[in-house]
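Q: Following this message is one structure expressed as structure tokens.
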Amino acid sequence: MSGPSAARPPEAAPRRPRRFRSARRLPAALVALVVLAVTGLFLYDLAAVRAHRPGMQWRRELGRQLERHTPADAAVIAAAAALAAAGLLLLLLALTPGRGGLLAMASPAPAVRAGIGRKSAELLLRDRAMEVPGVRSVRVAVRRRHVVVRAASHFRELDDVRADLDAVLAVGLAELGLVRDLPVRVRVTRPAGKG
């Protein structure tokens, strides 16, 4: 029987939220198919040579070309540079998350991952900022580490508008439920022609 003194299971320590990663299934499948086709071609040619049959024409021609050209030739250097650039691009695609437009949100269960797009978060915060009296126009940019808000006020004191914007945006960010606290940088100006 469990009573008030029964031991409760320890709660798991909150893990650091991971960024959303792009699956990139199509590029990975295409690269795998190309590698498989090239490997199959080489294996077929190798098996044919081992069976005392002549190698494929393209391999013999490639051997002749390699005998004529040295690594110092411009065509060889250009081909090597193109292959190196393709390899660097593939490494870059493999190492970058690819879903930088999604911000992690607090989720109700450990197995559920929630996120919101940056553009959606910008629209929600912009709508909140437009509710502040005296704000004529607002531009919001949600970045990875902070939020930048540029507002134009056509009446009221700029310090009062800035204070109201700080309060409204703090509530808006809390309602978004983002895992990471994003500091807000607010800049309020007067439109041109308004003294």
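The values are calculated or read from the model by the stated rules, or taken from the named source; none is laboratory data. In this text the structure is predicted, and so the values were computed from the model without any measurement. Methodologically, a virtual Cβ is constructed for each residue, glycine included, from the backbone with ideal geometry; neighbour enumeration extends over all protein chains shown. Surface areas here come from the heavy atoms of the whole protein model, side chains and all, with no ligands, DNA or RNA. Shrake-Rupley method; radii C 1.70, N 1.55, O 1.52, S 1.80 Å.
Q: Please find, among 152, 129, 167, the residue that is more than 17 Å from residue 181 (Cβ to Cβ), assigned to a helix (DSSP H, G or I), open to solvent by less than 60 Å² (accessible area, probe 1.4 Å) and not hydroxyl-bearing (Ser, Thr, Tyr).
A: 129
Q: Here is a follow-up. I need the full set of residues from region 170-195 which are assigned to a helix (DSSP H, G or I) and out of contact with any Lys or Arg (no Cβ under 8 Å at 6 or more places or on another chain), in order please.
A: Hits for region 170-195 are 170, 173, 174, 175, 176.
Q: Taking residue 137, is it in contact with a helix residue (DSSP H, G or I) (Cβ under 6 Å, 6 or more places away or on another chain), at pLDDT 90 or above and of a type in the set (Gly, Ala, Ser)?
A: It is false that residue 137 is in contact with a helix residue (DSSP H, G or I) (Cβ under 6 Å, 6 or more places away or on another chain), at pLDDT 90 or above and of a type in the set (Gly, Ala, Ser).
Q: A further question follows. Just to check your reading of the model, which residue among 161, 188, 142 is touching a helix residue (DSSP H, G or I) at 6+ places or on another chain (Cβ under 7 Å), over 14 Å from residue 118 (Cα atoms), of a type in the set (A, V, I, L, M, F, W, C) and open to solvent by less than 30 Å² (accessible area, probe 1.4 Å)?
A: Result of the check over 161, 188, 142: 188.
Q: What number of residues in region 51-78 are in a loop (DSSP other than H, G, I, E, B) and surrounded by 11 or more Cβ atoms within 10 Å (Cβ to Cβ)?
A: 4
Q: Kindly indicate the residue of region 79-111 that is in a loop (DSSP other than H, G, I, E, B) and under 17 Å from residue 25 (Cβ atoms) and also most open to solvent (accessible area, probe 1.4 Å) among those meeting that condition.
A: Going through the qualifying residues, I end up with 99.
Q: Also, quick follow-up: Evaluate the following for residue 141: is it assigned to a strand (DSSP E or B), in contact with a strand residue (DSSP E or B) (Cβ under 7 Å, 6 or more places away or on another chain) and of a type in the set (A, V, I, L, M, F, W, C)?
A: For residue 141, the condition - assigned to a strand (DSSP E or B), in contact with a strand residue (DSSP E or B) (Cβ under 7 Å, 6 or more places away or on another chain) and of a type in the set (A, V, I, L, M, F, W, C) - is met.
Q: For region 112-126, give me each residue that is in a helix (DSSP H, G or I) and without any contact (Cβ under 8 Å) to a residue 40 or more places away in the chain.
A: Across region 112-126, the qualifying residues are 118, 119, 120, 122, 123, 126.
Q: Residue check, residue 45 against (1) open to solvent by less than 70 Å² (accessible area, probe 1.4 Å); (2) of a type in the set (D, E, K, R); (3) touching a residue at least 24 places away in the same chain (Cβ under 8 Å), all met but one. Which one?
A: (3)
Q: Taking residue 173, is it surrounded by 15 or more Cβ atoms within 10 Å (Cβ to Cβ) and out of contact with any His (no Cβ under 9 Å at 6 or more places or on another chain)?
A: For residue 173, the condition - surrounded by 15 or more Cβ atoms within 10 Å (Cβ to Cβ) and out of contact with any His (no Cβ under 9 Å at 6 or more places or on another chain) - is met.
Q: Within region 113-126, take every residue that is among the aliphatic types (A, V, I, L, M) and open to solvent by less than 70 Å² (accessible area, probe 1.4 Å) and give me the one that is nearest to the chain's Cα centre (by Cα).
A: 116
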